[in-house]
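Only one structure is covered here, and it is reproduced in the block below.
The values are calculated or read from the model by the stated rules, or taken from the named source; none is laboratory data. These numbers come from a predicted model, not from an experiment. Reconstructed Cβ throughout: ideal geometry from the backbone, glycine too, with neighbour counts over all protein chains shown.
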Amino acid sequence: MGAYLSMSKDDKPNSEKEEVTTIKRTEEVVINKKMFITKNQGKFRDNYLIGQVLGTGAFGEVRKCINRTTKVIRAVKLIRKDQMSPEEEQAF
């Protein structure tokens, strides 16, 4: 089974034109800080269209989401805050 990594040629994930690469081995995957979004203004739904469920777990689910401005597709883990302890919620 392969995995797909969507990155631009200049390694900027928000580039208008992206190319899709098929990954055959996990050793080929490189992850860096530029691939993650740490803060957005407003509510999540204001910034992203939430799509299909890609997976589920004990604390939430992973969904395919599309940035409304850049149209970049991302896998996003959504966690239910009502199932978090006050300490866990404070961390977010």
Could you grab the pairs with beta carbons closer than 8 Å, sequence gap of 6+ or different chains, first residue in the stretch 67-80 and assigned by TED's automatic domain parsing to the domain that holds Ile50 and without any contact (Cβ under 8 Å) to a residue 40 or more places away in the chain, second one surrounded by 13 or more Cβ atoms within 10 Å (Cβ to Cβ) and of a type in the set (Gly, Ala, Ser)? Lys77/Gly60; Leu78/Gly60; Ile79/Gly60; Arg80/Gly60
Only listed residue being surrounded by 14 or more Cβ atoms within 10 Å (Cβ to Cβ) and either in contact (Cβ under 8 Å) with a residue 12 or more places away in the chain or aromatic (Phe, Trp, Tyr) (or both), chosen from Val62, Val29: Val62
